[in-house]
1. Within region 32-55, which residues are of a type in the set (A, V, I, L, M) and within 24 Å of P126 (Cα to Cα)?
2. Mind checking which strands (runs of 3 or more DSSP E) fall wholly inside region 1-82 and carry at least 2 residues that are hydroxyl-bearing (S, T, Y)?
3. Residue check, S32 against (1) under 15 Å from L135 (Cα atoms); (2) under 16 Å from the mean Cα position of the chain (by Cα), all met but one. Which one?
4. Which condition does V114 not pass, out of (1) surrounded by fewer than 18 Cβ atoms within 10 Å (Cβ to Cβ); (2) of a type in the set (A, V, I, L, M); (3) touching a residue at least 24 places away in the same chain (Cβ under 8 Å), if it passes all the others?
5. Is it fair to say T22 is more than 16 Å from K129 (Cβ to Cβ) and either surrounded by 15 or more Cβ atoms within 10 Å (Cβ to Cβ) or in contact with a strand residue (DSSP E or B) (Cβ under 8 Å, 6 or more places away or on another chain) (or both)?
6. Return yes when V106 is farther than 17 Å from K12 by Cα, outside any loop (DSSP other than H, G, I, E, B) and in contact with a helix residue (DSSP H, G or I) (Cβ under 6 Å, 6 or more places away or on another chain) and no when it is not.
7. Out of the residues in region 1-12 that are of a type in the set (V, I, T) and buried (at least 20 other Cβ atoms within 10 Å of the Cβ), state the one that is farthest from Y93 (Cα to Cα).
8. Mind counting the residues in region 13-51 that are among the hydrophobic types (A, V, I, L, M, F, W, C), more than 16 Å from G88 (Cβ to Cβ) and touching a Phe, Trp or Tyr at 6+ places or on another chain (Cβ under 7 Å)?
Amino acid sequence: MRVIGIDIDKTKAIFYALETDTAGNQVPLSGSLRYLTLENDTDNSSVRAFQSKIHSFFDEIHPDRIAILKRQTKGRFKSSPLSFKIEGLIQCYEKVEVEFIQPMAVSSYYKKHVFDFTPEFEYQVPAAKLASYMLAFI
């Protein structure tokens, strides 16, 4: 099973890919993409290039599941409008359904279970925890 966890932070989509090996261990997949920033959301060529890079990365990994950490749409801590545009571009991937998982579900899971590996970069931790959480609930 191969999964990709995605954390969207303002103008940046952060990716972390994991798979289970034959022994059932979670193994990070080395893909060509750790994060991608949408520099200019009003320029059509920038938006298309952003979407193309993400979908190419997905094709490279061949995931069975893709999930995005769900963000707040209302209230004081609501996410930026641009982050929802990024979300929509990711959702346009046609080969695998993109799921949304509540951050509370992931954090409550890790109150009872140990997150036993360290991603290469600190900013990847939320996406890595999401990917590991998805593998736990195959």
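1. Within region 32-55, L33, L36, L38, I54 qualify.
2. 12-20, 35-37
3. (1)
4. The failed condition is (3).
5. Considered against the rule, which asks whether it is more than 16 Å from K129 (Cβ to Cβ) and either surrounded by 15 or more Cβ atoms within 10 Å (Cβ to Cβ) or in contact with a strand residue (DSSP E or B) (Cβ under 8 Å, 6 or more places away or on another chain) (or both), T22 comes out as no.
6. Here the answer is yes, as V106 does meet what is asked.
7. I8
8. Number satisfying all stated conditions: 3.
Quick note: the coordinates plus some simple rules give every number you see, no bench work behind them. Note that this is a predicted model, so its numbers are computed, not measured. With ideal geometry, Cβ positions are generated from the backbone for all residues, glycine too; neighbour counts draw on all protein chains shown.
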